[in-house]
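Worksheet: one structure, shown below.
The values are calculated or read from the model by the stated rules, or taken from the named source; none is laboratory data. In this text, all values refer to a predicted model and were calculated from it rather than measured experimentally. Cβ coordinates were reconstructed from backbone atoms using ideal geometry, including for glycine residues, and neighbour counts include every protein chain displayed. These accessible areas exclude ligands, DNA and RNA; they are computed on the full protein's heavy atoms, side chains included. Shrake-Rupley method; radii C 1.70, N 1.55, O 1.52, S 1.80 Å.
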Amino acid sequence: FESVVIVKTESGLGSGFYISKDEIITNYHVIEKASNIVVEDKNKKRSSAVVIKKDLKRDLALLKTNSLGKSVSFYSGSIQQGSEVDALGHPKGRKFSLTKGWISAVRKESSVYSATGQNDVLFIQTDAAINSGNSGGPLFYKDKVVGVNTQGLHKDSTEGMNFAVHFSEVNQFLSK
């Protein structure tokens, strides 16, 4: 949890994590329409943050903050179905929680913000619990990030169908 932060806005909270000493990645839907963004680390150190880049198609946002944190390392290579993963975040406001699960599939799906409905974003499907508040947090495989937790399908109709934006999509977003 050294790299994970709470991302608070006037409309709620989500998760995020450091990708450099002063940059945090989260989901766009966590900070959408926010006029005030505050990040808080495990030691309860708080800082303001501003959006410096966003990608609605991938539901990603990059924040700049004046606090310093430990950056994560991203996985490289091929991630396999059946690999065990950990989802970190703050589900339903329960701060700094960890859930375990498996990679159920790696597949292209349409994004939450897709205007076209095309299956054009690579996601990791996992049964690791991802609930409101986990959005924007890291999905770890061993000690490397493989995805950004983004959504769980409605629990009334499905169980264990949760998604993270694949690390290759995150790397493309960061390189633009």
>> Restricting to the stretch 63-102, name every residue that is open to solvent by 40 Å² or more (accessible area, probe 1.4 Å), within 24 Å of Lys21 (Cβ to Cβ) and not aliphatic (A, V, I, L, M).
In response: Lys64, Asn66, Lys70, Ser71, Ser73, Phe74, Tyr75, Ser76, Lys95
>> Quick check on the stretch 160-175. Is at least one of its residues modelled with pLDDT under 90 and in a loop (DSSP other than H, G, I, E, B)?
In response: yes
> Which condition number does Gly14 fail, the rest of (1) over 16 Å from the mean Cα position of the chain (by Cα); (2) on the phi < 0 side of the Ramachandran plot being met?
Replying inline: (1)
> Which condition does Val7 not pass, out of (1) under 15 Å from the mean Cα position of the chain (by Cα); (2) surrounded by fewer than 18 Cβ atoms within 10 Å (Cβ to Cβ), if it passes all the others?
Replying inline: (2)
> Residues in the stretch 29-47 that are farther than 17 Å from Lys70 by Cα and open to solvent by less than 90 Å² (accessible area, probe 1.4 Å): how many?
Replying inline: 8
> Looking at the stretch 9-32, which of the residues that are assigned to a loop (DSSP other than H, G, I, E, B) and over 10 Å from Leu62 (Cα atoms) is modelled with the lowest pLDDT?
Replying inline: Ser11
> Across the stretch 51-73, what is the total count of residues that are within 22 Å of Gln172 (Cβ to Cβ) and touching a strand residue (DSSP E or B) at 6+ places or on another chain (Cβ under 9 Å)?
Replying inline: 16
>> Condition first: within 17 Å of Ser15 (Cβ to Cβ), open to solvent by less than 10 Å² (accessible area, probe 1.4 Å), modelled with pLDDT of 95 or more and part of a loop (DSSP other than H, G, I, E, B). Can you find one or more residues in the stretch 140-155 that meet it?
In response: no
> Quick one: Leu60 ticks every box in (1) touching an Asp or Glu at 6+ places or on another chain (Cβ under 6 Å); (2) surrounded by 22 or more Cβ atoms within 10 Å (Cβ to Cβ) bar one, so which box is it?
Replying inline: (1)
> Does Lys21 qualify as being under 14 Å from Asn134 (Cα atoms) and either open to solvent by 80 Å² or more (accessible area, probe 1.4 Å) or not hydrophobic (A, V, I, L, M, F, W, C) (or both)?
Replying inline: no
>> Quick check on the stretch 110-138: of everything there that is under 24 Å from Lys92 (Cβ atoms), open to solvent by 40 Å² or more (accessible area, probe 1.4 Å) and not aromatic (Phe, Trp, Tyr), which residue is modelled with the highest pLDDT?
In response: Asp127
> Somewhere in the stretch 74-94, is a residue closer than 21 Å to Leu174 by Cα and among the polar types (S, T, N, Q)?
Replying inline: yes
